[in-house]
1. If neighbour count is taken as other Cβ atoms inside 10 Å, put 73, 257, 66 in order from fewest to most.
2. Once R0 is set to 60 Å, what does the formula 1/(1 + (r/R0)^6) return for the Cβ-Cβ distance between residue 312 and residue 99, expressed as a FRET efficiency to the nearest 0.05?
3. Express in nm, to one decimal, how much length is gained between residue 194 and residue 347 on full extension, taking 0.36 nm for each residue of separation and deducting their alpha carbon distance.
4. Using a 10 Å cut-off around each Cβ, can you sort 221, 409 from fewest to most neighbouring Cβ atoms?
5. Want the number for residue 73 to residue 270: 0.36 nm per residue separation, take away the alpha-carbon distance, what's left?
6. Could you list 249, 187 in order of exposure, starting from the residue whose Cβ has the fewest other Cβ atoms within 10 Å?
7. May I ask for the Kirkwood hydrodynamic radius of segment 116-271, worked out over all distinct Cα pairs and given in angstroms to one decimal?
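Readers should treat all values here as calculations from the given coordinates under stated rules, not as data from a laboratory. If you're wondering where the values come from, they're calculated on a predicted model, not measured in any experiment. FYI the Cβ positions are ideal-geometry reconstructions off the backbone, even for glycines, and counts take in every protein chain you see.
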Ligand SMILES: [Zn+2]
């Protein structure tokens, strides 16, 4: 081969090699989106977020006597979030919201956990009596549901979910890279040794994110008796705390544990991990929604459920790790966990009644019915956490947080003067479900 021929061959090879290189699409996290070994979203099983919200809208329109839908918007520095909230409440004209037992459920706080929003749709379909659970007697369900007002957030992080549907299957954070389950004020911003900003970025301040602002507002104004933050990545039933390795003291904590044990027995085949998020999951999580709902909003029963996880999946294969990929598992997860939710409706008021009965048993030996417990409980609760005290508590909490933030930012500034932060390559995705 002549010299010219060699040069021609060499440059053609370089050209082809570069073409090959750039044809491999690599996302921001270094995941190869064309990698055939990664499981894509199963469109036969999962709705697109748009279709899912359309189905929910249609469901609400078919049942105006039970369901209402509102969209709450918030914006911060050019970033906007819309959070849809569905409210279930029967006989709306007859009684006001405050006399009912209130439950707040959030799904899809992490973008990649698609199965959780499918569960939200299933629960709403059962609440509107378009689908039925096999072991649930419709008449007893009806009398139970009359006592409740239930708010469901089917897709808390729709911006993050959009990124996942565009191919970034490992994204758990919101539309601008903040983990919505690290953006709350209880123990905000603390970082563990294995902290990974691609997973757990807490944001620039507590409640810096519009989604978290909306959820906080919802939590405080609705003042629920039960809060459940629904996630996937493992099978677990968590109670506070996430930021420390202990559960709270007292009767309320015992009642929470008791309820979780029953759910594990009835609906999780005893497979679910039970206990404090921080103590059971193997890492501490700081600035979580459930710790805030328990500590600041004073929700007496605050939980984080992890409804599915494939621990054998490769850590890069996020769709498979966080979501069932075959129809049998998909249906099994939705059936088991919607049944678990209705068990909460059945047992929750009784467990809360126990909290009050034990607390007041020293004052009176008189037997009181569950309904009376509940009413008494509701009254005591509203006087204990009246608006003024709540605002004061929140104010103090915020001042403390901002002071901590001020200190933290001063230290950071000093640090930035002294050292240049090198932008290292992203470590392998660690499978953090919570
Ligand atoms: Zn999660």
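1. Starting with the residue having the fewest Cβ neighbours, the order is 73, 257, 66.
2. Computed FRET efficiency for residue 312 and residue 99 comes out at 0.80.
3. Length gained between residue 194 and residue 347: 51.2 nm.
4. 221, 409
5. 66.9 nm
6. Least to most surrounded, the residues fall as 249, 187.
7. 18.2
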